[in-house]
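Novice: This is the structure I have questions about; it appears just below.
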Amino acid sequence: MRDPGEALASAKAAADRIVKAKRLNAMLTPAKELRKSLDQQAKAAHPSGVLYGMPVAVKDNICTVEFTTTCGSKILEGYRSPYEATAVTKLKAAGALVSGKTNCDEFAMGSSTEHSAYGRVLHPLDKHRVPGGSSGGSAALVGAGAVPAALGSETGGSVRQPASLCGVVGIKPTYGRVSRYGLVAFGSSLDQIGVLGRSVHDAARVLSVISGRDARDATCEDRDPLRLPTVPESLQGFVIGIPKEYFPSDLDPAVRRACERAIRLLRELGAAVREVSLPHTSYAVPTYYIIAPAEASSNLARYDGARYGPRFDGQVDVRTLYRGTRGAGFGPEVRRRILVGTYVLSSGYYDAYYRKAQQMRALIAQDFRNVFDRGVDLLFTPTTPTPAFKAGERLADPVAMYLSDIFTVTANLAGLPALSLPIGRIKGLPIGGQLIGQAFLEDEMIEAAYAIERVFPAVEEA
Amino acid sequence: MSVTRDEVLKIAQLAELDVDEETLPLLAEQMSRILDYVAQIGGVAASESARPFVPGPDAARFRPDEVKPWPLAFGPPKLAPAFKDGFFLVPKLGQFEEAGEGE
């Protein structure tokens, strides 16, 4: 049993740090409301909880009862959920302090957190650059040292990509490992709640707490919570595959150098490293950008002004109400994805786009099975093709922005667990390396990450 | 694939989304760029009989069909933009029918 006053001190310190990081625009909860809630939570937190007193910020597309849930959208401005996500309930039961809601790309659609109705999030190390997205607020706060961990969500890399750009650890669990009850739906066959942490251990222990069965989510597997592995002395016995398709000729040279150094280190740690092939990798982004918008166009149909948030007040009939509310309430990226999703699902185009994308998804998942069936335990790749890019640089060309996710979307399409951790820096900007594991074997992935983190010069220039 | 201004308008209607006249040309250009890009998967041979991959449990699990009160943080009046005398207020559906007939 720990000192019951510990959580109060932790709550105050966390609030101070979050307020100090205000310039990042990463936190959506007003300071006064945050301090009041943290104080109340700290007094109610049970000292026997495994996360007792640990401040954990929560992405604003995960429902909380303490704070509004806007998904970074004007259409949900001021929305208070009448219930909270199972992941949040589990955090609180473990004694963690829900430390406000973090800014994100609107409805988690974006790779730079420039698509929030509440303004862009700044990179914690360079205000002219983006923190990645869509969980950019969570990544920036962890990167700035304001909180040790934060919840994010993944549909195509929205935890790992910002984790990589901000120099923190990001874990996307296997599809079905964590309940999605209370996670606002974007692409239901892809969405998962993930964790960002300042270290593998911080991220892993939060993941362990929020994982496990939940009767309220039919896609959540009937499994016990994840058991954390111990920190290994070596990686003896691990077979780590290096997929050649993740090292294209136009890969940023610094990212390549950092990965090559990491691969040497994996060998030095005792792992058997071998080159493998995932031949359909180059089709993952186009496949994703058919499936995800198609599912989004359906999931976001519910935001019509009748049930949630502000209502367009010039309505004369229901259709005008719907169209006016949605037209005024959604930002440009969400509108674009709804339109693309509606297009690929419409009569005449369904087979050419959506049906074909489903077939491609099966091939991409089969690529992974083929590699894992041949004795490979884990895959190692870069997390992103470049370090953090400049704000505004990719806004004009949606496809250029989508390609930021080129190394992350595959794990979402195949439903596999994946983890990003810092492996170096270039001109002070972090570079992330990615481990992709087999379904429900997060423990192996985390074990390898522990070993890498323990010996790796993550802040060394590549 | 080139998406025209009229096609964007038609899709926007299907999506129940107002689109400004002045943003139509840019939207058409961006949608064309995105659809051109994703269309590259059309050239990949894939077996028609391939079983679509869907992650998650093989079969949906069902909860017992029981009505259980679930404590909410607040009651129904705060759940929607407008609520009066125990009812959610929305525009009359009849207006929807009339508007639909004219299109």
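Novice: What number of residues within the stretch A:409-433 satisfy the criterion of being part of a strand (DSSP E or B), among the hydrophobic types (A, V, I, L, M, F, W, C) and under 16 Å from A:Met445 (Cα atoms)? Full working, then the answer.
Specialist: First, the residues of the stretch A:409-433 that are part of a strand (DSSP E or B): A:418-426, A:429-433.
The next check asks that each one be among the hydrophobic types (A, V, I, L, M, F, W, C); those that pass are A:418-419, A:421, A:423, A:426, A:429, A:431.
Checking which are under 16 Å from A:Met445 (Cα atoms) leaves us with A:418-419, A:421, A:423.
So the count comes out to 4.
Novice: Condition test on A:Leu265, is it assigned to a helix (DSSP H, G or I) and out of contact with any Cys (no Cβ under 8 Å at 6 or more places or on another chain)?
Specialist: On the way: assigned to a helix (DSSP H, G or I): yes; out of contact with any Cys (no Cβ under 8 Å at 6 or more places or on another chain): yes.
In short, yes.
Novice: Still on this structure, I have one more. Of everything in the stretch B:11-22 that's surrounded by 14 or more Cβ atoms within 10 Å (Cβ to Cβ) and in a helix (DSSP H, G or I), which residue is farthest from the other protein chains (Cβ to nearest Cβ)? Walk me through it before giving the result.
Specialist: First, the residues of the stretch B:11-22 that are surrounded by 14 or more Cβ atoms within 10 Å (Cβ to Cβ): B:11-19.
When the remaining residues are screened for being in a helix (DSSP H, G or I), the result is B:11-14.
Working: B:Ile11: 5, B:Ala12: 6, B:Gln13: 8, B:Leu14: 5 Å.
This residue is B:Gln13.
Novice: Among (1) over 26 Å from A:Ala396 (Cβ atoms); (2) touching a Lys or Arg at 6+ places or on another chain (Cβ under 6 Å); (3) at the interface with another protein chain (Cβ under 8 Å from one of its Cβ atoms), where does A:Val273 come up short?
Specialist: (3)
Novice: Something else now. What residue, of A:Ala108, A:Ala150, is on the phi > 0 side of the Ramachandran plot and among the hydrophobic types (A, V, I, L, M, F, W, C)?
Specialist: Numbers: A:Ala150 fails: on the phi > 0 side of the Ramachandran plot.
Unique residue meeting the criteria: A:Ala108.
Novice: Being among the aliphatic types (A, V, I, L, M) and outside any loop (DSSP other than H, G, I, E, B) is the filter here; which residues of the stretch A:440-462 pass it?
Specialist: Step one: filter the stretch A:440-462 for residues among the aliphatic types (A, V, I, L, M), giving A:441, A:445-446, A:448-449, A:451-452, A:455, A:458-459, A:462.
A:Met445, A:Ile446, A:Ala448, A:Ala449, A:Ala451, A:Ile452, A:Val455 - these are the residues of the stretch A:440-462 that are among the aliphatic types (A, V, I, L, M) and outside any loop (DSSP other than H, G, I, E, B).
Novice: The conditions are (1) surrounded by fewer than 24 Cβ atoms within 10 Å (Cβ to Cβ); (2) over 15 Å from the mean Cα position of the chain (by Cα), and A:Ala146 fails exactly one of them. Which is it?
Specialist: Of (1) surrounded by fewer than 24 Cβ atoms within 10 Å (Cβ to Cβ); (2) over 15 Å from the mean Cα position of the chain (by Cα), only one is false for A:Ala146: (1).
Novice: Follow-up question, since we're still on this one. I want to confirm something. Restricting to the stretch A:185-199 and keeping residues that are in a strand (DSSP E or B) and in contact (Cβ under 8 Å) with a residue 60 or more places away in the chain, which single residue is nearest to A:Tyr289 (Cα to Cα)? First the steps, then the outcome.
Specialist: Filtering the stretch A:185-199 for residues in a strand (DSSP E or B) gives A:192-197.
Applying the additional criterion that residues be in contact (Cβ under 8 Å) with a residue 60 or more places away in the chain yields A:192-193, A:196.
On the way: A:Gln192: 17, A:Ile193: 20, A:Leu196: 24 Å.
Step by step, filter the stretch A:185-199, then rank; the result is A:Gln192.
Novice: Only one of (1) within 14 Å of another protein chain (Cβ to nearest Cβ); (2) of a type outside the set (A, V, I, L, M); (3) in contact (Cβ under 8 Å) with a residue 40 or more places away in the chain is not met by A:Pro55, so which one is it?
Specialist: (1)
Novice: Do we have any residue at all in the stretch B:52-61 that's at the interface with chain A (Cβ under 7 Å from one of its Cβ atoms), assigned to a helix (DSSP H, G or I) and within 26 Å of the chain's Cα centre (by Cα)? Before you say what the answer is, go through the steps one by one.
Specialist: Pass one, the stretch B:52-61, residues at the interface with chain A (Cβ under 7 Å from one of its Cβ atoms): B:52-57, B:60-61.
This time we only want the ones that are assigned to a helix (DSSP H, G or I), so: none.
Within the stretch B:52-61, none of the residues are at the interface with chain A (Cβ under 7 Å from one of its Cβ atoms), assigned to a helix (DSSP H, G or I) and within 26 Å of the chain's Cα centre (by Cα).
Novice: Of A:Ala284, A:Ala306, A:Ala272, A:Ala301, which residue is touching a residue at least 60 places away in the same chain (Cβ under 8 Å) and of a type in the set (Gly, Ala, Ser)?
Specialist: Details: A:Ala306 fails: touching a residue at least 60 places away in the same chain (Cβ under 8 Å); A:Ala272 fails: touching a residue at least 60 places away in the same chain (Cβ under 8 Å); A:Ala301 fails: touching a residue at least 60 places away in the same chain (Cβ under 8 Å).
Being touching a residue at least 60 places away in the same chain (Cβ under 8 Å) and of a type in the set (Gly, Ala, Ser) holds for just one of A:Ala284, A:Ala306, A:Ala272, A:Ala301, which is A:Ala284.
Novice: Please enumerate the residues belonging to the stretch A:170-179 that are buried (at least 24 other Cβ atoms within 10 Å of the Cβ) and either within 14 Å of chain B (Cβ to nearest Cβ) or part of a loop (DSSP other than H, G, I, E, B) (or both).
Specialist: Here is the first cut: in the stretch A:170-179, the residues buried (at least 24 other Cβ atoms within 10 Å of the Cβ) are A:170-175, A:177-179.
A:Lys172, A:Pro173, A:Thr174, A:Tyr175, A:Arg177, A:Val178, A:Ser179, listed by residue number.
Novice: I would also like to ask the following. Take the stretch A:417-462 and flag every residue that is polar (S, T, N, Q) and within 14 Å of chain B (Cβ to nearest Cβ).
Specialist: Here is the first cut: in the stretch A:417-462, the residues polar (S, T, N, Q) are A:420, A:434, A:438.
Across the stretch A:417-462, the qualifying residue is only A:Gln438.
Novice: Which helices (runs of 4 or more DSSP H) sit wholly inside the stretch A:298-373 and have at least 3 residues that are at the interface with chain B (Cβ under 7 Å from one of its Cβ atoms) and among the acidic types (Asp, Glu)? Don't jump to the end; show me each part of the working.
Specialist: Working: elements: A:318-329, A:332-345, A:356-373.
Fully inside the stretch A:298-373 and qualifying: nothing.
Novice: Give the residue that is farthest from A:Ala396 (Cα to Cα), with candidates limited to residues of the stretch A:99-138 that are among the hydrophobic types (A, V, I, L, M, F, W, C), part of a loop (DSSP other than H, G, I, E, B) and more than 14 Å from chain B (Cβ to nearest Cβ). I'd like the intermediate steps shown before the answer.
Specialist: From the stretch A:99-138, those among the hydrophobic types (A, V, I, L, M, F, W, C) are A:104, A:107-109, A:117, A:121-122, A:125, A:130; that's our starting set.
Still in the running and part of a loop (DSSP other than H, G, I, E, B): A:104, A:109, A:117, A:121-122, A:125, A:130.
Next, only the ones that are more than 14 Å from chain B (Cβ to nearest Cβ) stay: A:104, A:117, A:121-122, A:125, A:130.
Working: A:Cys104: 19, A:Ala117: 17, A:Val121: 18, A:Leu122: 19, A:Leu125: 24, A:Val130: 15 Å.
Among them, the one singled out is A:Leu125.
Novice: Further question on the same structure: Can you tell me which residue among A:Gly167, A:Gly156, A:Gly182 is in contact (Cβ under 8 Å) with a residue 60 or more places away in the chain, within 14 Å of another protein chain (Cβ to nearest Cβ) and within 14 Å of A:Thr384 (Cβ to Cβ)?
Specialist: Numbers: A:Gly167 fails: within 14 Å of another protein chain (Cβ to nearest Cβ); A:Gly182 fails: within 14 Å of A:Thr384 (Cβ to Cβ).
None of the others qualify; the one that does is A:Gly156.
Novice: Working only within the stretch B:23-47, note down all residues that are closer than 25 Å to A:Ala357 by Cα, more than 7 Å from chain A (Cβ to nearest Cβ), part of a helix (DSSP H, G or I) and not aliphatic (A, V, I, L, M).
Specialist: Result: B:Glu29, B:Ser32, B:Asp36, B:Gly43.
The numbers here are math on the coordinates, done by the rules we state, and not lab data. Model, not experiment: these values are computed from the prediction. All Cβ positions, glycine included, derive from the backbone under ideal geometry; neighbour counts span all protein chains shown.
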